[in-house]
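Nothing in this text is a laboratory measurement; each read-out follows from the coordinates by a stated rule. Keep in mind that this is a model prediction, so the values were computed, not measured. Note: ideal-geometry Cβ built from the backbone for every residue, glycine included; neighbour counts use all protein chains shown.
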Amino acid sequence: MYYFAPVSDMFETADYIAVYVELAGVGKEDINIEIDGGVLEVSGIKRRFGTNEECNFQRMERPFGLFKRRFSLPSSANYEGVKASFEEGLLEIIIPKKKRSGGFKISCIEIND
């Protein structure tokens with residue numbers, strides 16, 4: 001099966017991971033977001049806009065049909081509290097990061113004779 005890959009950005013800050021996916025012309029109800037095995041998957045369907053009557057296209061550049069995009073998430077991703085919003089054709093997914101323990105402590109270990 002053919003899937004098109006929408007344009008996207010992914011970046012990381014000290015507190016969260018952000019993913020932005022351009023989905024102009026897609027309805028909110030046609031978007032699926034899943035996280036499994038450290039992979040974020042955004043998938044769905046973009047329905048064809050325009051005429052319902054038979055026509056001959058002079059130019060057809062906008063993709064339509066099924067789409068899918070996968071993002072490998074860092075081990076610091078915290079899957080609790082993931083938030084998604086969709087406005088003006090842009091899907092925003094914010095994944096919080098796990099809180100760090102503040103570093104590590106080195107203990108002196110005595111070597112036995």
Charge dipole (region 8-96, unit charges on Cβ, about Cα centre) - positive-most of 75, 89, 35: 89
Cα-based equivalent ellipsoid of region 16-96: semi-axis lengths in Å, sorted from largest, via gyration tensor: 31, 12, 10
Mean Cβ neighbour count within 10 Å, used as a protection proxy, ranking 3-10, 89-96 highest first: 89-96, 3-10
Dipole magnitude of the chain about its Cα centre (Cβ charges: Lys, Arg +1; Asp, Glu -1), debye to nearest 20: 60 debye
Farthest positive-ward along region 8-96 dipole, Cα basis, beta-carbon charges - from 60, 23, 13: 60
Percent of beta bridges antiparallel (DSSP, the chain, rounded to nearest 5): 95 percent
